[in-house]
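Heads up, the thing below is written out as structure tokens.
The values are calculated or read from the model by the stated rules, or taken from the named source; none is laboratory data. What you see is a predicted model; the values in this text were computed from it and never measured. As a convention, Cβ positions derive from the backbone with ideal geometry for all residues, glycine included, and neighbour counts pool all protein chains shown.
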Amino acid sequence: MISVILPTKNEEMAIGEIVERCRKIGVGEIIVIDNSSDRTPEIAEDLGCRVIRGVEGYGNAYLEGLKHVRGEIVVMMDADGSYDPMEIPKLIEPILKGEAEVVIGSRFKGKILPKAMRWHHKYIGNPLLTKLTNFLFKTNFSDVHCGFRAIKRDAITKLDLKCPGMEFATEFVIKAVTSGLKISEKPITYHPRRGGSKLRSFRDGWRHLRLILATSPGYVFLAPSIALCFLGLSLILFVVLFEPIRTHTLILGALLIQIGIQTFFFGISGKLYSKQIGFRKEDRLTSFFASYSEIEKIMFFGFVVFLLGILIGYKVVSEWLKVGFGSLSELNGAVLSMLLIFAGIQLILSALFLSIFLLNEKEK
């Protein structure tokens, strides 16, 4: 049996025809998740649909609908007429043939009818977000945000979907990829919607972008952190070895290293959490940090760095005492002392923070 989930919000102009077309192709179950102020739910009920009312949010609608489906194949689509139910047989064909567990419709490989998609969605938003997703997750989709999709019911639990808003569409694709499901794309036709659009271009686009970036800590945090630490260390070595009078350059280098260390541990935390909630697979880095023994080594190293900073600071203060608290001649030493003390504290506290994520990890 095929189940269709229709999230609705004031779709009385299109819901009747959508349901009738679903019935024509033999859809066995239609679940309408509604948050309307018009007659949409009454029309759907009169046509024999199961209606669940008062669910707000695009993602929440699908999360609620997925709890109730009974069909072996679940089709997700908008109820505003932008997708044609008569294309459902084509959409689910790869699943029926055993070639895929998830099928994503592609408007860009298919046909976008005149006035169906705003120009900035067609030429800027959707293409850029799709390319970014492909780059960060090593995929090859043509239309990540198409709202016409199908999935085998027994594959739904592998995704552990959670996003309540429009970013649900991105979460669905990313988790399907990281879960190792077989995914296929099918060209579909995109029609002009009936009634007013519920999309808020910049707000919804930002939510998609935020989710993509937040679940890509290797690119967003780790790569910049390595660059910052390398640049900071290069500046410090330049001053210490060649230009000791350039204290301001030394301070800049110390600042870059501090930011780099903090950003690095943001990235590690992000990778561990992204793996735990299904957005990323385990890799060498997450495997390394998912061990209490390695965390303890980091804490010990941080303690050593902290002590080294204290020793250098003690030397600086001793020299200062000798001149009767006069002019501080060991300014470079003071900067290095503060850097090592702060870095040591960061390493200790960051390692302690990372151990929180190990509560859901098996000790290796």
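Summary of values
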{"read-out": "Residue within the stretch 254-261 that is over 26 Å from the mean Cα position of the chain (by Cα), in a helix (DSSP H, G or I) and over 17 Å from residue 346 (Cβ atoms) present", "value": "no"}
{"read-out": "Members of the stretch 74-123 found to be among the small types (Gly, Ala, Ser) and within 25 Å of residue 178 (Cβ to Cβ), listed by number", "value": "98, 100, 105, 106"}
{"read-out": "Flag for residue 267 being assigned to a helix (DSSP H, G or I), in contact (Cβ under 8 Å) with a residue 40 or more places away in the chain and in contact with a Gly (Cβ under 7 Å, 6 or more places away or on another chain)", "value": "yes"}
{"read-out": "Of all residues in the stretch 267-290 being charged (D, E, K, R) and either under 16 Å from the mean Cα position of the chain (by Cα) or surrounded by 15 or more Cβ atoms within 10 Å (Cβ to Cβ) (or both), the one that is nearest to residue 227 (Cα to Cα)", "value": "271"}
{"read-out": "Of all residues making up the stretch 24-33, the number that are assigned to a helix (DSSP H, G or I) and either buried (at least 16 other Cβ atoms within 10 Å of the Cβ) or outside the structural domain of residue 48 (by TED's automatic domain parsing) (or both)", "value": "0"}
{"read-out": "Output for the stretch 276-303, where each listed residue is in contact (Cβ under 8 Å) with a residue 40 or more places away in the chain and of a type in the set (Lys, Arg)", "value": "280, 281"}
{"read-out": "Selection from the stretch 85-119 of residues that are assigned to a loop (DSSP other than H, G, I, E, B), under 26 Å from the mean Cα position of the chain (by Cα) and at pLDDT 95 or above", "value": "100, 101"}
{"read-out": "Output for the stretch 35-70, where each listed residue is touching a residue at least 40 places away in the same chain (Cβ under 8 Å) and assigned to a helix (DSSP H, G or I)", "value": "58, 59, 60, 61, 62, 63, 65, 66"}
{"read-out": "Selection from the stretch 63-94 of residues that are aromatic (Phe, Trp, Tyr) and touching a strand residue (DSSP E or B) at 6+ places or on another chain (Cβ under 6 Å)", "value": "none"}
{"read-out": "Among (1) modelled with pLDDT of 95 or more; (2) under 30 Å from residue 158 (Cβ atoms) - the single one residue 56 does not satisfy", "value": "(1)"}
{"read-out": "Flag if residue 263 is more than 30 Å from residue 238 (Cβ to Cβ) and either modelled with pLDDT under 90 or crowded, with 18+ Cβ neighbours inside 10 Å (or both)", "value": "no"}
{"read-out": "Flag if residue 73 is under 17 Å from residue 184 (Cα atoms) and either modelled with pLDDT under 95 or among the hydrophobic types (A, V, I, L, M, F, W, C) (or both)", "value": "yes"}
{"read-out": "The lone exception for residue 273 - which of (1) in a helix (DSSP H, G or I); (2) out of contact with any helix residue (DSSP H, G or I) (no Cβ under 6 Å at 6 or more places or on another chain); (3) free of Cβ contacts under 8 Å to residues at least 60 places away in the same chain it fails", "value": "(3)"}
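One line per residue, one yes/no per condition, for (1) over 15 Å from the mean Cα position of the chain (by Cα); (2) under 29 Å from residue 276 (Cβ atoms); (3) not aliphatic (A, V, I, L, M):
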{"position": "121", "(1), (2), (3)": "yes, no, yes"}
{"position": "125", "(1), (2), (3)": "yes, no, yes"}
{"position": "133", "(1), (2), (3)": "no, yes, yes"}
{"position": "146", "(1), (2), (3)": "yes, yes, yes"}
{"position": "153", "(1), (2), (3)": "yes, yes, yes"}
{"position": "156", "(1), (2), (3)": "yes, yes, no"}
